[in-house]
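> The following block contains the structure, expressed as structure tokens.
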Amino acid sequence: MSDRTPSLSLDCLTLTDVAPVDLVRVAREAGFASVSLWVQPPAMSDVMLTTADKAADITRAMADHSVSVGNLEVFNLNTDEPIAAYGPTLALGAGLGASTATAIDFGEPRPDIAERFVAFHALCAEHGIRALVEPISMG
């Protein structure tokens, strides 16, 4: 039998009105080992985004509270934006230590969504991040 306790991650959707640096502190106080961070605005609500100007404070908070970044939220692949436009945001997340990024398909059906996911997956891989697909009822 192992003494390892599974590590849990506090999802950013849980506290959309909490700044990313404070989410790290809240996560530790609640016993979570990691957090997910909004790095792209979601389609349906306002949230506190993680941006490059907040990276140093988030990195310091993670070190102070022994919390890591697990997942980056949320990359809607159903846009007219080229997938390459997500590169800087993925680089930001990789710099914070993220290991995964969530892709969704929010919008009207489009014939190229699979190809867009393939491109997103490849872009994530360039940053050492695994691409995840989140099935959602609206997409």
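The values are calculated or read from the model by the stated rules, or taken from the named source; none is laboratory data. Remember, it's a predicted structure, so these values are computed and weren't measured experimentally. Reconstructed Cβ throughout: ideal geometry from the backbone, glycine too, with neighbour counts over all protein chains shown. Surface areas here come from the heavy atoms of the whole protein model, side chains and all, with no ligands, DNA or RNA. Shrake-Rupley method; radii C 1.70, N 1.55, O 1.52, S 1.80 Å.
> Return the carbon/sulfur percentage of the accessible area of the chain, one whole number, probe 1.4 Å, all protein chains in place.
Carbon and sulfur: 57 percent of the exposed surface of the chain.
> Sticking with this one: If Lys and Arg each add +1 and Asp and Glu each add -1, what is the summed charge of the other residues whose beta carbon sits under 15 Å from the beta carbon of T102?
With Lys, Arg at +1 and Asp, Glu at -1, the neighbours total -2.
> Moving on to the next point. Name the residue from A30, A55, S45 whose Cα lies farthest towards the positive end of the charge dipole of the chain, charges +1 on Cβ of Lys and Arg and -1 on Cβ of Asp and Glu.
The listed residue farthest towards the positive side: A30.
> Based on the mean of other beta carbon atoms within 10 Å per residue, what is the order of 94-103, 69-78, 11-20, most packed first?
Taking the mean over residues of other Cβ atoms within 10 Å, the ranking is 69-78, 94-103, 11-20.
> So which trypsin sites (Lys or Arg not before Pro) in segment 1-104 are both in a DSSP loop and have at most 11 other Cβ atoms within 10 Å of their Cβ?
R4
> Enumerate the amide H contacts of S68 below 5 Å, restricted to partners 5 or more residues apart or on another chain; note that Pro and chain-start residues carry no placed amide H.
Here the answer is S34, V35, since their amide H atoms fall under 5 Å of that of S68.
> Let me ask another. Hey, can you grab everything whose amide H is under 5 Å from the amide H of L132? Only 5+ residues off in sequence or another chain; H modelled, so Pro and N-termini drop out.
Here A101, T102, A103 satisfy the definition.
> Treating only the Cβ of Lys, Arg, Asp and Glu as charged (+1, +1, -1, -1), what charge dipole size does segment 10-123 show about its Cα centre? Round to the nearest 20 debye.
In total the dipole reaches around 360 debye.
> Another question about this same structure. Can you put E81, E115, E126 in order of accessible area, largest first, using a 1.4 Å probe?
E126, E115, E81
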